[in-house]
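A short worksheet on the structure shown next.
No lab work stands behind these numbers, since they all come straight from the coordinates. Quick caveat, the model's predicted, so the values are computed rather than measured. In this analysis, Cβ positions are derived from the backbone assuming ideal geometry, glycine residues included, and neighbour counts consider all displayed protein chains.
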Amino acid sequence: MSTDNLQELIAGIDRGRLPRHVAIIMDGNGRWAKKRGMERSAGHVEGVNTVRRITEIASELGVGYLTLYAFSTENWNRPQAEVDALMHLIVVAIERETPDLIKNNVRLTMIGDLDRLTDEARERLKRCMDDTAHCTGLTLVLALSYSSRWEITRAAREIAREVLAGHLSPQEITDDTISTHLTTAAIPDPDLLIRTGGDMRISNFLLWQVAYAEIYVTPTYWPDFDKTDFCRAVAEYQRRERRFGLTSEQVK
Ligand code: FPP
């Protein structure tokens, strides 16, 4: 699509009704590479360029939070060479992009079981988070070694410990208690969930948090997903009526 069309799409987006939080399941890197007779890792390398441009457009539009599912708990079970390559790629890309994140006022944060990362990867990523901690624009949330069931199990254990210690009674446990014990406690729930690569599933991603998210699935593989595709997803989100369990008449 031409730049003119992108500008037209951007102009058509109502800035007063932007999704505050967009979460993305970045899928299709392997298939993108296979289609070109390349190694799967080539798809991940190209996928980093997409991360860059989607961060740019989300920031440009004024989206508050962008969460990217970069590495799931289940991804640890991929062939070791792919796991190592992917981790290395993520750490190097984040370090390389940190000066630009700062320039664009983007704050980096992470959710997931970071204890499973190597000490070196964890320290290098922590440095990037510290370096962008003062930024007040878009918050870029990397879901790394993340899965929803891991997160909910962890929250259940913490809540159980608080009950056992007598700090909380079972009757006092509410939706909010659960939300505040998740790794996303400081982040609003996603309004829009995008999945690239065409599969119609949630893949253990933010199961609790996407309760009322609008879901947008595109067959486009992640390496091909561009700014116009992102704007189309936002435009589609703005055409939807969010009812949160109410009737159409009630929300009008
Ligand atoms: C899914 O594609 C993608 C991943 C498991 C990794 C996504 C990671 C990146 C794009 C790099 C992220 C980098 C930063 C800096 C955040 P797949 O391999 O499952 O593709 P397939 O479904 O076609 O096999």
Checklist line | Reachable lysines from Lys34, criterion Cα separation under 16 angstrom, eight or more residues apart if same chain | finding: none
Notebook entry, point to check: Label Asn49 and Val251 with points 7 Å out from Cα along Cα→Cβ: what is the distance between them in nm?
Noted result: 3.8
Next item on the list: Would you mind calculating the relative contact order of the chain from Cα pairs under 8 angstrom and at least 6 residues apart, reporting the percent as a whole number?
Entry: 29
Checklist line | Residue-span extension gain [Ala160 to Arg242] - 0.36 nm each, minus C-alpha spacing | finding: 26.1 nm
Notebook entry, point to check: Hey, what number do you get for the chain at 222 nm if only DSSP H runs of n ≥ 4 count, each worth -39500 (n - 2.57), divided across all residues, to the nearest 500?
Noted result: -14500 deg cm²/dmol
Check: Could you give the length gained on full extension between Val83 and Ala235, defined as 0.36 nm per residue of separation minus the Cα-Cα distance, in nm?
Finding: 51.2 nm
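Compare the peptides 212-220, 22-30 by average per-residue count of other Cβ atoms within 10 angstrom and give them in order, highest first. Intermediate values should be presented prior to the final figure.
Working: 212-220: 16.8, 22-30: 24.1.
Per-residue Cβ counts within 10 Å, averaged per peptide and sorted highest first, yield 22-30, 212-220.
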Next item on the list: Choose one answer from Glu172, Glu158, Glu60: the residue with the largest mean-square fluctuation in a GNM of the chain with alpha-carbon springs under 10 Å.
Entry: Glu172
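Can you give the local net charge around Val251? Use residues other than it whose beta-carbon is closer than 11 angstrom to its beta-carbon, Lys and Arg +1, Asp and Glu -1. Mind showing how you got there, number by number?
Details: positive: Arg242, Arg243, Lys252; negative: Glu241, Glu249.
Residues near Val251 contribute +1 overall.
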Next item on the list: From the P(r) of the chain, can you give the percent of Cα pairs sitting at distances over 31 Å?
Entry: 26
